[in-house]
Structures are given as structure tokens and as C-alpha cells.
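Report on one structure; see the data block that follows.
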Amino acid sequence: MDTRLTELNTLFVDTFDAILRVEEKSLKHVGNGQLSIAEFHTLECIGQGEDCRRAVGEIADALGVTVPTVTVCVNKLVKKGYVTKTRSEKDARIAIIELTAEGRKMNRLHRFFHEQMILAISHEFNDEELDSLLRCIRKLNEFFEERA
């Protein structure tokens with residue numbers, strides 16, 4: 001394999017792992033360390049729904065996981081007080097998940113972490129480099145989205 005491709009592979013893996021480690025380390029202190037990264041991402045997904053509420057199936061689709069996986073996560077979040085779970089008035093088979101006040105707070109803190117991370121990263125690049133980086137990441141995103 002071309003040495004550039006080997007380096008590219010190494011950089012992808014290392015960067016992805018480093019982002020997760022930094023996120024986990026930064027968010028460990030938020031909410032007394034009660035929430036896992038998966039739980040933070042679930043709160044984030046719910047928070048993107050109308051009135052910070054979504055059906056379990058919508059959450060599963062958005063996160064690219066199964067409904068049972070979301071159900072297990074949601075049940076933990078209910079016990080921790082970050083979400084509520086009710087049945088849809090239109091279809092009792094559908095569980096509607098809504099952020100509580102504490103869930104909204106954790107979601108805001110998670111968003112703040114991402115905003116601060118991006119601000120710090122952006123200061124490492126001049127305008128031309130940042131534009132180039134954006135073009136490259138858009139292409140990467142399109143590549144992976146087409147295959148997801």
C-alpha cells in the first residue's frame with residue numbers, strides 16, 4: 001500500500017480515537033460522571049427533536065442503532081432522571097422520549113463542549129487552511145454517508 005494511504009489510515013483511526021477520548025475525559029465531570037458518551041449522544045439526539053422529544057424508533061434511526069439498544073439506554077436515562085418516557089396518544093405502541101430539565105442541561109453542556117472543541121481547533125488554521133479542511137471533511141462525510 002502507498003505510504004500516504006497507510007498514514008491516512010493511521011491518522012483516521014488515531015484522530016477518531018483521540019476525539020472520543022477527549023470527549024469522554026471532558027464530559028466525565030459533567031453530571032457527576034453519571035453519563036456515558038452513548039447516553040450523552042442519545043440526549044443530543046432527543047434534543048434535536050421537536051420540543052426536545054422523539055420516538056424511540058426515530059432515535060434508533062438517527063443514531064444508526066437498533067430499537068432495543070435505544071430502549072436499554074433510555075431506560076437508564078429515565079432512572080437517572082434525564083428523560084421521561086410516555087406512550088404516544090395516537091399509537092400506544094410508540095414510546096415518546098422527552099428530555100427533563102436536567103436532561104436539557106446535560107445536552108447544553110455537551111453542545112458547549114463541542115463548540116469549545118471546534119473553536120480551539122479552528123484557531124490552529126488560517127482562513128485558507130480552514131476552507132480546505134472544510135472541503136476535505138465534506139467529501140469524507142459524503143463518502144461515509146453514502147455507505148452508511
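Quick check for you: with a 1.4 Å probe and neighbouring chains kept, what is the accessible area per residue of the chain, in Å²? If you can, show how the numbers build up before the last one.
Values: 10730 Å² over 148 residues.
With the other protein chains kept in place, the chain gives 73 Å² per residue.
Roughly how many debye, to the nearest 20, is the charge dipole of the range 7-65 about its Cα centre, given +1 on each Lys and Arg Cβ, -1 on each Asp and Glu Cβ, and no other charges?
Values: 5 positive and 11 negative charges, 49 e Å.
The dipole of the range 7-65 has a size of about 240 debye.
Expressed in whole Å with the largest first, what are the equivalent ellipsoid semi-axes of the chain derived from the C-alpha gyration tensor as the square root of 5 times each eigenvalue?
Numbers: eigenvalues 215, 70, 43 Å².
Value: 33, 19, 15 Å, ordered largest first.
Kindly provide the helix-only [θ] at 222 nm of the chain, computed as the sum of -39,500 (n - 2.57) over DSSP H runs of four or more divided by all residues, to the nearest 500 deg cm²/dmol? Before the final figure, lay out each step's value.
Details: 6 runs with 101 residues, N = 148.
Per the formula, -23000 deg cm²/dmol.
At a probe size of 1.4 Å, how large is the accessible area of V22, to the nearest 10 Å²?
Probe radius 1.4 Å; accessible area of V22 about 70 Å².
Rounded to the nearest 0.05, what FRET efficiency do E128 and T15 give with R0 = 25 Å and r taken as the Cβ-Cβ distance? Could you check?
With R0 = 25 Å, the Cβ-Cβ based efficiency is 0.75.
Obtain the nm distance between the two label points defined at S88 and T3 by a simple spin-label model: each point lies 7 Å from its Cα along the Cα-to-C-beta direction.
So the two model labels end up 5.7 nm from each other.
About the Cα centre of the chain, how large is the charge dipole given +1 on each Lys and Arg Cβ and -1 on each Asp and Glu Cβ? Please answer in debye to the nearest 20.
Numbers: 21 positive and 25 negative charges, 205 e Å.
Using only the charged Cβ atoms, the result is roughly 980 debye.
Among the listed pairs K28/K139; K25/K80; K76/K139; K25/K76; K85/K139, which are separated by more than 29 Å between their Cα atoms?
On the way: K28/K139 32 Å; K25/K80 20 Å; K76/K139 36 Å; K25/K76 21 Å; K85/K139 38 Å.
In this structure, K28/K139; K76/K139; K85/K139 lie more than 29 Å apart at Cα.
Could you identify which residue out of C52, C136, C73 has the top mean-square fluctuation in a GNM of the chain using Cα springs shorter than 10 Å?
C136
Would you mind telling me which residue in E89, E23, E39 has the biggest mean-square fluctuation in a Gaussian network model of the chain, where springs connect alpha carbons within a distance under 10 angstrom?
Sorting by GNM fluctuation, first place goes to E89.
Aspartates and glutamates within cross-link reach of K105: Cα-Cα under 13 Å, excluding same-chain residues under 8 positions apart?
Reachable aspartates and glutamates: E44.
Can you give the local net charge around A101? Use residues other than it whose beta-carbon is closer than 14 angstrom to its beta-carbon, Lys and Arg +1, Asp and Glu -1.
Values: positive: R53, K80, R104, K105, R108; negative: D51, E98, E102.
Around A101, the surrounding residues sum to +2.
Can you give the local net charge around T10? Use residues other than it whose beta-carbon is closer than 15 angstrom to its beta-carbon, Lys and Arg +1, Asp and Glu -1.
Details: positive: R4; negative: D2, E7, D14, D17.
It works out to a net charge of -3.
Hey, how many Å between the Cα centroid of the range 77-148 and the Cα centroid of the range 1-69?
8
The values are calculated or read from the model by the stated rules, or taken from the named source; none is laboratory data. Note that the coordinates shown come from a computational prediction; the quantities given were computed from them, not determined experimentally. Note that each Cβ is placed from the backbone with ideal geometry, even for glycine, and that neighbours are counted across all protein chains shown. Ligands, DNA and RNA are excluded from the accessible area calculation, which covers all protein heavy atoms including side chains. Shrake-Rupley method; radii C 1.70, N 1.55, O 1.52, S 1.80 Å.
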